[in-house]
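Below is one structure, written out as structure tokens, with a few remarks after it.
The values are calculated or read from the model by the stated rules, or taken from the named source; none is laboratory data. Since this is a predicted model, take the numbers as computed values, not measurements. All Cβ positions, glycine included, derive from the backbone under ideal geometry; neighbour counts span all protein chains shown.
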Amino acid sequence: MVLLGGMLGATLVRVAPGFGVDEEELDTRLNQQSIEAVRQSHATDSVVNFYFNYFARLSHGDLGISQTLQRPVSQLLRERLPETLKAVGLGLAFGWALGLSMALAVVTWRSWYVDLFAGMAAGIVLCLPAAAIALGFVLLQAPARMVLGLVVFPKVFRYSRNLLTRSASAPHIITARAKGAGDLRVLFWHVLPTAAPQLLALAAVSVSIAFTAAIPMEALCDLPGIGQLAWKAALGRDIALLINITMMVALITVLANSASDLAGHALGRAKA
């Protein structure tokens, strides 16, 4: 899956209109001979030769050289990955804390106006693109990493609210309430354990959502992370950077999904 994701991403860039074209060709002061020289300097091999050379270098630990930044890709990833991991971690923590707490409030209090307020707040944030939220944070000089939390929050709230509401209406939950169990005991001993596997799956999906939103956030907020690097690579059609960034994001997504699956199976065996 990781290799397939990287190869598809690189192939889409190579076949996109304008790949291999340099801005220098638009300079009206250049004659036809100079333009041909510029085109020759940016000439690329076929897709098959590109992948053959790329995987040959990859087998020796060489990720290639960035064309736009003229630096080794491995060095760029090592420098910028910690910044993105920090932003994604804080954003996920904030988004999950806000979304899950509001979903728990709706399920616990069972009040229509709480549900209406939380649903309207999540719906408004859901309609805003990540770039628009990031631009607002720049204008307000707010902590940029919280942008990822607002992107994750509505998806966490809507899914967890529906999931917890469905779990709270299960027969054994109704029986526990009829026996006089308190709301908090019902919530933490019956509702949450039932919904835990699905919430873990949502956590894995939210990791991919946060990494996707990190691209416009870091580009607009000028944070030196992987998202900003991906933005620069896309603008410069830097194929060496793009294929490695795509593979890295695919690897993180696969690891997150695998971890949630293993945790879900472990919870299932524990309950059994």
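Does at least one position in segment 264-272 carry a residue that is among the small types (Gly, Ala, Ser), touching a residue at least 12 places away in the same chain (Cβ under 8 Å), in a helix (DSSP H, G or I) and within 16 Å of Leu85 (Cβ to Cβ)? No, segment 264-272 contains no residue that is among the small types (Gly, Ala, Ser), touching a residue at least 12 places away in the same chain (Cβ under 8 Å), in a helix (DSSP H, G or I) and within 16 Å of Leu85 (Cβ to Cβ). One residue alone among Ala234, Ala170, Ala214, Ala210 is within 30 Å of Ala142 (Cα to Cα), surrounded by fewer than 21 Cβ atoms within 10 Å (Cβ to Cβ) and out of contact with any His (no Cβ under 7 Å at 6 or more places or on another chain), and that residue is Ala234. Remark: pairs (first residue in segment 104-129, closer than 19 Å to Val152 by Cβ; second residue among the charged types (D, E, K, R) and part of a helix (DSSP H, G or I); Cβ separation under 7 Å; 6+ apart in sequence or on different chains) = Val106/Asp115; Val106/Arg161; Ala122/Arg158.
Condition check ((1) touching a helix residue (DSSP H, G or I) at 6+ places or on another chain (Cβ under 7 Å); (2) of a type in the set (A, V, I, L, M)) across all residues:
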residue	(1), (2)
Gln67	yes, no
Pro82	no, no
Ala87	yes, yes
Ala105	yes, yes
Arg110	no, no
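Tell me, yes or no, whether segment 229-246 has at least one residue that is closer than 21 Å to Gly149 by Cβ and of a type in the set (Gly, Ala, Ser). Scanning segment 229-246, I find at least one residue that is closer than 21 Å to Gly149 by Cβ and of a type in the set (Gly, Ala, Ser), so the answer is yes.
Restricting segment 106-115 to residues that are of a type outside the set (A, V, I, L, M, F, W, C) and within 16 Å of Gly182 (Cα to Cα), which is surrounded by the most Cβ atoms within 10 Å (Cβ to Cβ)? Top of the filtered list is Thr108. The helices (runs of 4 or more DSSP H) found wholly in segment 67-162 and carrying at least 1 residues that are of a type in the set (S, T, N, Q) and more than 30 Å from Leu242 (Cβ to Cβ) occupy 73-109.
Quick check on Leu184: is it under 26 Å from the mean Cα position of the chain (by Cα) and either among the hydrophobic types (A, V, I, L, M, F, W, C) or exposed (fewer than 15 other Cβ atoms within 10 Å of the Cβ) (or both)?
Judged against the criteria, Leu184 is not a match.
When Ala259, Ala203, Ala195, Ala230 are screened for being assigned to a helix (DSSP H, G or I) and closer than 24 Å to Ser74 by Cα, only Ala230 passes. Hey, could you check segment 136-162 for residues that are surrounded by 17 or more Cβ atoms within 10 Å (Cβ to Cβ), among the hydrophobic types (A, V, I, L, M, F, W, C) and within 17 Å of Glu218 (Cβ to Cβ) and say which is modelled with the lowest pLDDT? Among residues in segment 136-162 that are surrounded by 17 or more Cβ atoms within 10 Å (Cβ to Cβ), among the hydrophobic types (A, V, I, L, M, F, W, C) and within 17 Å of Glu218 (Cβ to Cβ), the one modelled with the lowest pLDDT is Ala144. Residues considered: Ala118, Ala103, Ala122, Ala131. Of these, the only one that is under 29 Å from Ala219 (Cα atoms) and crowded, with 19+ Cβ neighbours inside 10 Å is Ala122.
A quick yes/no check of all residues on (1) at pLDDT 85 or above; (2) of a type in the set (A, V, I, L, M, F, W, C):
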site: Val186; (1), (2): no, yes
site: Trp189; (1), (2): no, yes
site: Pro193; (1), (2): no, no
site: Val205; (1), (2): yes, yes
site: Ala210; (1), (2): yes, yes
site: Gly236; (1), (2): no, no
site: Ala240; (1), (2): no, yes
site: Ala259; (1), (2): yes, yes
